[in-house]
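The values are calculated or read from the model by the stated rules, or taken from the named source; none is laboratory data. Since the structure is predicted, the reported quantities are computational estimates derived from the model, not experimental observations. Here the Cβ is made from the backbone with ideal geometry for all residues, glycine too, and neighbour counts use every protein chain on show.
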Amino acid sequence: MRFEEATGATISQLWTTLEPRLQRGTFLEEAAQALAAAVYTQFRESAVLARVYVTVPFGELPPDNRVFVENLVGTAESAPPLQATTPLLSLLGTQGQEAAWDDRRNSQRHKGIPLISSAFVEQIPMIARLLRELGVPLDWIDSHDARRIVTTIGTWAGLFFVEDASQATDDQGRLVIPAQDFVSTYGVNSVFGTGGTYPDGRILVLVVFSRDRITQATAELFLPLADLFRNKTESLIAPATVLASV
């Protein structure tokens, strides 16, 4: 199925198929992988890649993720030091056109995006716009006040939408999707995402890359999916049940 063929009924049916799989999981990453796989598989004719991220404090990351993040921050100019409480937008679920994209552990560049400071995030055009459009104020990053996230955007987040991945720019004239090699190689036309917040302030994000040009109205059909997923997986947000292993 193509994304433009989606309807509210399509999304409801997808959830009906997905929900029993979430009940069997004991870790949030298992549920996130099921969500990414369900979206990609249902819309395989259009989808290039579907990914699920959740913010995880640096101190809760498994060793391989910590090393990745430390190396990433080490290459950035004037980056503040990582703290145990520094939130990382961590890759938990992934499914896509390439077999290597079907396991978060295989990711070479996107295992975790450190939300160290608003200035650091501003240097990453896609993440800066993603967070803003989901309703996350970037100055929150400087305080990491979980209560502010919950009270500011609630449990329901907005829509991240990029109609033309090869041309869209931000207010500084930078490409919103900087990975233009990925865009051109896989014919990515549109990108959209949605999410929400858990009661403890963790941010959930579902991002989808499409080879078809889609409308904002089509992307909006996926808004309820993240909310349903968040409600179903609230019991899996304790530190010991987010990431399953190294």
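Residues in region 39-89 that are buried (at least 22 other Cβ atoms within 10 Å of the Cβ) and touching an Asp or Glu at 6+ places or on another chain (Cβ under 8 Å): Ser46 alone. Tally time: how many residues in region 106-134 are modelled with pLDDT of 85 or more and either within 22 Å of Ala165 (Cβ to Cβ) or part of a helix (DSSP H, G or I) (or both)? Of the residues in region 106-134, 19 are modelled with pLDDT of 85 or more and either within 22 Å of Ala165 (Cβ to Cβ) or part of a helix (DSSP H, G or I) (or both). As for region 89-99, it holds no residue that is at pLDDT below 90, small (Gly, Ala, Ser) and either farther than 18 Å from Val162 by Cβ or not in a helix (DSSP H, G or I) (or both). For region 90-119, enumerate the residues that are within 26 Å of Gly173 (Cα to Cα) and either surrounded by fewer than 22 Cβ atoms within 10 Å (Cβ to Cβ) or touching an Asp or Glu at 6+ places or on another chain (Cβ under 7 Å) (or both). Correct list: Arg109, His110, Ser117, Ser118, Ala119. Set side by side, the residues Glu30, Glu70, Glu19, Glu45 differ, and just one is part of a loop (DSSP other than H, G, I, E, B), on the phi < 0 side of the Ramachandran plot and of a type in the set (D, E, K, R), which is Glu45. Pairs linking a residue in region 48-63 that is closer than 15 Å to Thr86 by Cβ to a residue that is assigned to a helix (DSSP H, G or I) and at pLDDT below 90, with Cβ atoms under 6 Å and 6 or more positions apart or on different chains, are Glu60/Pro239.
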